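Down below is the structure, laid out as structure tokens.
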Amino acid sequence: MVNGDYLFLSLVAAITATFAATIANGLNWPVWAMFVGWVAFFTGKDTFSGVLATFGCLAFGLIAGNLAGLAIGSMAPKIGFWAIAPVVFVVAFIVVSLRGLSVMNNITAYFLGLITFFAAHISPGISSTISLVVVTALGLIAAYCTASLQRKLTQRKTAVK
């Protein structure tokens, strides 16, 4: 059932998303990458430490994508399209194995980082990776702020009743 409270909480999310998208666009960052960060937020714990862990996994995925791009680029002249096979094998093995860590175990965030790097169609390098880390962090922060504000509004409403 949709009521005024539900719509108000949706409005909070829409306003925050609008601010984050406008900031990303104004800084000439890919808005879609900001939303990848937003999505990554929902794959982890919604606590501050949970968001930091999710961000770490997402950033590691971006860095792994960058390194994979470099490895594929260096191997492709020698073995052609086959260069992707050993690189994907090694990166996937590492990322999937990281699920066993006690804190940085968000496999979805790792893969979102990898996907973001390759979807951006940018040349591997430090500056390109940093720009993607920053814009996805904006999305994570925006989603965290949205969830925190919605939680506080809901708690306040419950406390008043």
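Values in this text are rule-based calculations from the coordinates and carry no lab data. These numbers come from a predicted model, not from an experiment. No Cβ is skipped: glycine too gets one built from the backbone with ideal geometry, and neighbour counts run over all protein chains shown.
Observations
- Candidate values (1) 53; (2) 46; (3) 41 were compared with percent of Cα pairs over 23 Å apart computed on the shown model; the agreeing label is (2).
- Peptide packing: for 105-116, 121-132, the average count of neighbouring Cβ atoms within 10 Å per residue gives the ranking 105-116, 121-132, highest mean first.
- Helix 126-160 and the longest principal axis of the Cα set of the chain meet at an angle near 20°.
- In Hz, Karplus ³J(HN,Hα) per residue of region 93-109 (6.51, -1.76, 1.60; θ = phi - 60°; x = Gly, Pro): 4, 5, 4, 5, 5, 5, 4, x, 5, 6, 10, 8, 10, 8, 4, 5, 5
- Based on C-alpha pairs under 8 angstrom that are at least 6 apart in sequence, the chain has a relative contact order of 39 percent.
- Nitroxide proxy distance, nm - points 7 Å out along Cα→Cβ at I79 and V103: 3.6 nm
- Extension gain for S128 to F48 (0.36 nm times residue separation, less C-alpha to C-alpha distance): 26.2 nm.
- Taking other C-beta atoms within 10 Å as the exposure proxy, T146, T47, T136 rank T47, T146, T136 from fewest upward.
- The C-alpha radius of gyration of region 1-90, expressed as a fraction of 2.2 N^0.38 Å, stands at 1.55.
- Region 8-100: chymotrypsin sites (Phe, Trp or Tyr not before Pro) in DSSP loop, at most 14 other beta carbons within 10 Å: F42
- Computed E for I115/N3 - FRET, C-beta separation, R0 45 angstrom, nearest 0.05: 0.80
- Once the Cα gyration tensor of region 120-161 is diagonalised, semi-axes √(5λ) in Å: 38, 7, 4
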